[in-house]
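Have a look at the structure below, then the notes.
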Amino acid sequence: MSEERGRLAAYWERQQERLDEVERKRALRLPAWRTRKRRRALSVLVLVGDLILIVGAALFHAQPPPLFVVCWFGGAVIAGGAQYLLRILTGKMSGGFSMRLDEREREWRHRVTYVSYQVLVALMLVAVIYGLIVSGTEDGGGRGAMMGCALLVTGTTLSTVILGWSLPDDDPEDFEGVSPA
């Protein structure tokens, strides 16, 4: 039993070291973008992409019109690309293990997670109400599912958007003498 615990502990340590290495590499990406202005622009871009997804879901029918396809996939590309960049710029706070964060980072993360969870619950209520409204129409189930998906994507991006909007600029001294190799 203790031998298995030892193997699990060693495995966990290797995984932590691997994650630390990945985080170090990610932390060095896009150093010129690590400003509040850039993060806020990306936050707005994620929200615009999410709104385009919601509009696309509202336009959904069984025979998808070209506008739906443009909105759905365009919104997904805009929101997904901006979300990817924003996660790089917010670093480990948006997706890392809590034990790897310092006290300030942990507090920021808990705060934004709580707010985004509350908004996600409200968005899911909107999705249920929308589903009930369109349930009697042609393709009501598909329309409700598409709206639920769009609102779920919107809700899950909120914590990173809030972090991107509210975090202060990174300290340039953190990047002195470090090469992105």
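Every number in this text was worked out from the coordinates using simple rules, so none of it is lab data. Quick caveat: nothing in here was measured; it's all calculated off a predicted structure. For neighbour counting, all protein chains shown are included, and Cβ atoms are generated from backbone atoms with ideal geometry for every residue, glycine included.
If the segment from L30 to V115 were pulled out straight at 0.36 nm per residue, it would be longer than the present Cα-Cα gap by 27.8 nm.
Enter the per residue convex hull volume of region 37-92, computed from alpha-carbon coordinates, in Å³ rounded to the nearest integer.
Values: hull volume 3.5 nm³, N = 56.
Measuring per residue, one finds 63 Å³ for the Cα hull of region 37-92.
Sort the following peptides by mean Cβ neighbour count (other Cβ atoms within 10 Å, averaged over residues), highest first: 150-161, 108-119, 130-141, 37-48.
Taking the mean over residues of other Cβ atoms within 10 Å, the ranking is 150-161, 37-48, 108-119, 130-141.
With a simple spin-label model that places each label point 7 Å from the Cα along the Cα-to-Cβ direction, the separation between D139 and R14 comes to 5.0 nm. Couplings 3J(HN,Hα) for region 103-120, derived from phi with the Karplus relation 6.51 cos²θ - 1.76 cosθ + 1.60 (θ = phi - 60°), are 4, 5, 5, 5, 5, 4, 5, 4, 5, 6, 5, 5, 5, 5, 5, 4, 5, 4 Hz, where x marks Gly and Pro. Shape analysis of region 63-156 places it in the oblate category; the axes a ≥ b ≥ c from the Cα gyration tensor give an a/c of at least 1.5, with a/b not above b/c. Computed from backbone phi, the HN-Hα couplings of region 145-157 come to 5, 5, 5, x, 5, 4, 6, 5, 4, 4, x, 6, 8 Hz, rounded to whole numbers (Karplus: 6.51 cos²θ - 1.76 cosθ + 1.60, θ = phi - 60°; Gly and Pro given as x).
Starting at the first residue of region 71-79, write each ³J(HN,Hα) from the Karplus equation 6.51 cos²θ - 1.76 cosθ + 1.60 with θ = phi - 60°, in whole Hz, x for Gly and Pro. Couplings: 5, 5, 6, x, x, 5, 5, 5, 5 Hz.
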